[in-house]
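Right, one structure below, let's go through it.
The values are calculated or read from the model by the stated rules, or taken from the named source; none is laboratory data. Because the structure is predicted, anything quoted here is derived from the model rather than measured. Virtual Cβ from ideal backbone geometry, glycine too; neighbours counted across all protein chains shown.
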Amino acid sequence: MKSLIFDAGPVISLTTNNLLWVLDYLKDRFNGDFYIPHAVKSELVDKPLASKKFKFEALQVSFRIRKAVLNVLETPQIKALAEELLELANHSFKVRGNWLQIVQYAEMEVLASAVIMNASAVAIDERTTKLLVEDPDALTRMLSKHLRGKVSVNRKNLDKTRQWTKNIRIIRSVELVMVAYEKGILDKYLLDGNDSRKTLVESLLWGVKLHGCAISRRELDELVALETSG
Amino acid sequence: MDENIPKAVKKDLVQVLKKAQRYINSGHSKKLKHLSDYTIKNASSFQDPDSLSMAVVIYALSKLLERWGFDSEYAEDARNLLASANFSLEKDAVTEYRDKVKKLFEFTSSIDDKFKLYIDRVIEQAQIKKGSRIYEHGISVARASEMLGVGRWELMSYIGKTRIHDETEVITDVKQRLDVARSLFNQGK
């Protein structure tokens, strides 16, 4: 059975754009299951429900969990690997004599779930976890650029992280909405007129970008061109 | 809470407290905000509560003094509290220093009841803003939200409205990533 693991980011981007329902349709076309690790569920549902902000958004996510569009994952193996990955990632970079705590447990639970479930991919909108998996050198450069003091790298720990995560494929909410668009799921929003497809694609991409998906304007323009040329 | 403040952090905090008093004297709201950003660099590196709270309180003071005026009695009170915190830190009285920083927070919210909502909003905005800075430095969203005690929903939505993802662009193959997504959904109903 195929599986796609979600970090909180893409669920937040979709919900805040009133697009969470798109997951119902995408799941039908996925031929597998969508999962959120337990710590991610806590970020998405439990914490906002305990406060005043984003409460209704939390209820929408909770509804998708009850409908089994999103399944909550929690196993001892995932927990153990998440803790190991957290330890490795947070002991990979040192600045001014201090280990940089670059990631949090929920994000490592996403990666651990992907490894244990042998997932088809993970959906992550934020940049740091994505770079840790795909391009740790770019992450080193980013840290060096922004932090005062030399960033030293624990290559051994980075390599171990890489060893665990090398088969993980990452997509973002922008790719999810583009696939939904290509499948015609969003055609009901098309306006009359020549530029209607471009308008729809731009509106979708800007929507998720403005709610936190790590996509630059250049990438966004490239995606618009890809989707609307010919 | 740990009684010690790392030497490098203490040195920076003393500088920040001194500069903050100077900028309040000269009415430099922008410089106060920059000072808060400077402090947040330490917060990203050391992830210590002292740098984090200093960054938030300096930003909040800059916003509040813009509203109340840098020649108001509040400005003088703020300056005195900063001087007092500086004094405690320089003599290594860490608990006393932290009590005084707490007083600075209380000061921002005790001035006038009718501004209470505005001040709460300013503090909250300061936390979200500082969280986005930490993310900009390369720390993950979840970690930044944990450090500042703000929700991930709030932080993600704020980050999306900044230019962080444009200014520190990570080059990726757009088509390749889209193809991965396409390949996942090419079956089913």
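Things to note:
- In the range A:107-135, residue nearest to A:Val72 (Cα to Cα) [restricted to those that are of a type in the set (Asp, Glu) and surrounded by 24 or more Cβ atoms within 10 Å (Cβ to Cβ)]: A:Glu109
- Among residues that are polar (S, T, N, Q), within 14 Å of chain A (Cβ to nearest Cβ), surrounded by 14 or more Cβ atoms within 10 Å (Cβ to Cβ) and in contact (Cβ under 8 Å) with a residue 40 or more places away in the chain, B:Ser53 is not included.
- Residue count for the range B:38-61 under the criterion of being part of a helix (DSSP H, G or I) and farther than 13 Å from B:Asp12 by Cα: the result is 9.
- Filter result for B:Leu117 (surrounded by fewer than 19 Cβ atoms within 10 Å (Cβ to Cβ), under 29 Å from the mean Cα position of the chain (by Cα) and more than 20 Å from A:Pro10 (Cβ to Cβ)): yes
- Residues in the range A:50-75 that are within 11 Å of chain B (Cβ to nearest Cβ), in contact (Cβ under 8 Å) with a residue 12 or more places away in the chain and aliphatic (A, V, I, L, M): A:Ala58, A:Val61.
- Taken over the range A:106-125, the residue count meeting the criterion of being within 8 Å of chain B (Cβ to nearest Cβ) and closer than 22 Å to B:Leu148 by Cα is 3.
- Some residue of the range B:41-60 being at pLDDT 90 or above, within 24 Å of B:His137 (Cβ to Cβ) and polar (S, T, N, Q): yes
- Looking at A:Ala114, A:Ala106, A:Ala80, just one residue is assigned to a helix (DSSP H, G or I), farther than 23 Å from A:Gly32 by Cβ and either of a type in the set (A, V, I, L, M, F, W, C) or within 19 Å of the chain's Cα centre (by Cα) (or both), and that residue is A:Ala80.
- Matching residues, the range A:1-10, being touching a residue at least 60 places away in the same chain (Cβ under 8 Å) and either surrounded by 23 or more Cβ atoms within 10 Å (Cβ to Cβ) or more than 11 Å from chain B (Cβ to nearest Cβ) (or both): A:Leu4, A:Ile5, A:Phe6, A:Asp7, A:Ala8, A:Gly9, A:Pro10
- Within the range A:48-81, the set of residues being of a type in the set (Lys, Arg) and at pLDDT 95 or above comprises A:Lys55, A:Arg64, A:Arg66, A:Lys67, A:Lys79.
- Selection from the range A:134-161 of residues that are touching a residue at least 24 places away in the same chain (Cβ under 8 Å), out of contact with any Gly (no Cβ under 8 Å at 6 or more places or on another chain) and in a helix (DSSP H, G or I): A:Glu134, A:Pro136, A:Thr140, A:Asn157, A:Leu158, A:Lys160, A:Thr161
- Per the listing A:Asn71, A:Asn18, the residue uniquely of a type in the set (S, T, N, Q) and in contact with a Phe, Trp or Tyr (Cβ under 6 Å, 6 or more places away or on another chain) is A:Asn71.
- For the range B:153-177, residues that are in contact with a Ser or Thr (Cβ under 8 Å, 6 or more places away or on another chain) and more than 7 Å from chain A (Cβ to nearest Cβ) total 4.
- Positions within the range A:126-154 being within 9 Å of another protein chain (Cβ to nearest Cβ) and under 19 Å from the mean Cα position of the chain (by Cα), in sequence order: A:Glu126, A:Arg127, A:Thr128, A:Thr129, A:Lys130, A:Leu131, A:Leu132, A:Glu134, A:Asp135, A:Ala138, A:Leu139
- Any chance B:Ser88 is of a type in the set (Gly, Ala, Ser), surrounded by fewer than 23 Cβ atoms within 10 Å (Cβ to Cβ) and within 19 Å of B:Leu17 (Cα to Cα): yes
- Residue satisfying condition, being more than 7 Å from chain A (Cβ to nearest Cβ) and either in a helix (DSSP H, G or I) or within 25 Å of A:Pro48 (Cα to Cα) (or both), within set B:Val180, B:Val150: B:Val150
- Scan of the range A:204-230 for residues that are of a type outside the set (Asp, Glu), within 7 Å of chain B (Cβ to nearest Cβ) and part of a helix (DSSP H, G or I), ordered by number: A:Lys209, A:Arg217, A:Arg218, A:Leu223, A:Leu226
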